[in-house]
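Throughout, read-outs are computed from the coordinates displayed, never taken from laboratory work. Computed from a predicted structure; not experimentally measured. Please note: Cβ atoms are built from the backbone with ideal geometry, for glycine as well, and neighbour counts cover all protein chains shown.
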Amino acid sequence: MTPQLRERLAQVPDAPGVYSMMDTNGDVLYIGKAISLRNRVRSYFQESAAHGARISAMVERVTDVRTIVVNNEVEALILEANLIKRHQPAFNVRLRDDKRYPYLKVTNEPFPRVVFTRMVKDDGARYFGPYTNAQALRELIDLVRLVFPLRTCREPIDGRRKRPCLQYHIKRCLAPCVGFQTETQYDAMIDEVVLFLEGKQESLLSRLQHEMDDAAENLHYEAAARLRDRIVHIRRVTESQKVVWKSRLDMDLVAIARAQGQACVQVFLVRGGKLIGQEHFILDGVSDQGDGVIVEEFLKQFYTARTASAPENKSVSALPARTARDNEVPVPLRRRAHAGVAAAAIPKEVLVEAIPDERATIEAWLSALKDARVRLLQPQRGARAEYLALVKKNAEQNLRAFLVHQEVQETAQARSLSELADALELPRPPHRIECYDISNIQGSHPVASMVVFVEGRAKKSDYRKFKIQYDGGVNDFAMMQETLRRRLRYLRRATDADVEGDKAPARALAARERFDKTPDLLLIDGGKGQLSAVVEVLDELDMTGLPVAGLAKEHEWLYVPGNSSPIVLPPNSAGLHLVMRIRDEAHRFAITFHRSRRAKAMTRSALDALDRIGPVRRKRLLNAFGSAAAIGRAPLDEIAAVKGMTPALAASVKNALQAQPEALRRVLE
């Protein structure tokens, strides 16, 4: 134990809170909570402590301990779960597939829309979910839009539109934008959508059946036919839902399967007695952990993720007013009833295989979130125990499938990396491969991409995009050289002090941290020419020992420095398939970035270059006159009459637009 660690342990307070174990690099190794931080943290470093192999390995690496004091156990539990989600410590039990869950949102605006979102805000909208399967939610939204002809556009409905769009003609919208449907009629349809999403299909079907009968009696056969089709779709959905209990119970069933040092947790979500969703999660860091610990860690992270976006303040706050398209007429919105997100995400019962030690704390936390009592139960007999056994079978099946897939994938990746190392005569299989590509059209809007594959898998968090500063025309070689210089200079220890010399030291340090990992192989999209350009940069930076290869697209041949003949891998080679996949990913990433830059440039307005004309004034001017050219031709008093403009500013805008060449205005518009 170092003197620094011994001093830190002496300062640990005797209070409830959360502690973080740190290594020499400042990385978080483990995060835990305790009623007494002093007793818990010190217990790790006592000579008489009997730790498992995993905890002993963690303690050996600890050089520092940091603590956060809270008021009680529930606050400590919440903070611990959030910190684990943020830092993903190596020695904690962690959800491998951690994510922010999606919701279906009925927006709070005149003529609301039904949209997919992962962000829940206290904006007066109605939220349904969360859903564990994003694809299933997208299919549900498609179904809602098929059954209920709601608008999908963001266009404000202010009476300016003269003709309906294509959605009206294909019967997917009733065109409220042109007055074919009133807001009262539209809101009645929204009420039907809410009944459908709340699972009250019986009430909705009765209501629609009555409306269809009335329409038929009044000889409105087309309206009756549309209602009949809506009834058919809703009945199909209702019949496809599996009824688990005759009573309308809300509960989650959680079961664990373990094998080969891995664990899979299966969750069935039952709402109103019906199975509405199921999901499985692979957990990391489960070795030497009991089922009770795994259940505890899973519940904390699972429900933290499901309620992370829920607004903490449930009080009704005033909504900001919506403005009309020209930002001149504020239109207040009526606030729709906001469904409690946490209340919908958390059931009244959570059935588990093993009761965690922190049962009371977890129940108190979930009850506070739901604003109702929540119980953790371990069923021993009866229907609940039988159904939990079925959930466990699903967990075992999913774990077997994961282990088989993992074995096949690891074998294929190891083979491809070994073949690539043999072909390029590398000392060992490349752990980290970086691939670069250039994208431009006749030298315009040039960009470069850097994609990273670690152990044969894409690591998208390490991807980088470069805006090329070279302006000498079409020269892919010079652009590639600029990209490699900007990336590789961070690996030169001698120039660490000179990195981004004209920028702040903190910014330079952040840049170095982004590029501090040395690649085992540089892969260039191109043949001999691109490779020669990169070799010049390596010589310039005194990094000739860094392995580099170019992949020529015409024949899929590999080129290496000092060898004019290509390396030809067999068409069925796993190594060739790997480098082709990496090259194609770099090309896709570069093309996407280039298209984004080009699209932004093509949608610019001539007003963007004018002083004192920001987004609001630009929008008002374009709404009033239609184009920059029309503004330049308009009388001065009409320009000055636009809200936010003054006679002096109007004269400045008019003179500036008239001074611009007509051709330039056409291009920018």
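The spacing between segment 152-174 and segment 629-654, judged by their C-alpha centroids, is 32 Å. Cβ crowding within 10 Å, taken as a proxy for footprinting-reagent exposure, orders H405, H431 from fewest neighbours to most as H405, H431. With the simple model of a label 7 Å out from the Cα in the direction of the Cβ, S418 to Y221 spans 7.4 nm. For segment 3-92, the equivalent ellipsoid derived from the Cα gyration tensor has semi-axes of 19, 16, 12 Å, listed largest first. Taking trypsin sites (Lys or Arg not before Pro) across segment 376-422, the ones in a DSSP loop with at most 15 further Cβ atoms lying within 10 angstrom of their Cβ are R381.
Packing, taken as the mean count of other beta carbons within 10 Å per residue, orders the peptides 519-526, 173-180, 368-375 from highest to lowest as 519-526, 173-180, 368-375.
Using only side-chain charges placed at the Cβ, +1 for Lys and Arg and -1 for Asp and Glu, the dipole size of segment 3-92 relative to its Cα centre rounds to 60 debye. Near A590, once Lys and Arg are set to +1 and Asp and Glu to -1 for all other residues with Cβ below 13 Å from its Cβ, the sum equals +3. How big is the gap, in Å, between the Cα center of segment 546-610 and the Cα center of segment 264-288? The two parts, judged by their Cα centres, are 40 Å apart.
A533 sits among other residues whose Cβ lies under 15 Å from its own Cβ, and their net charge, with Lys and Arg +1 and Asp and Glu -1, is -3.
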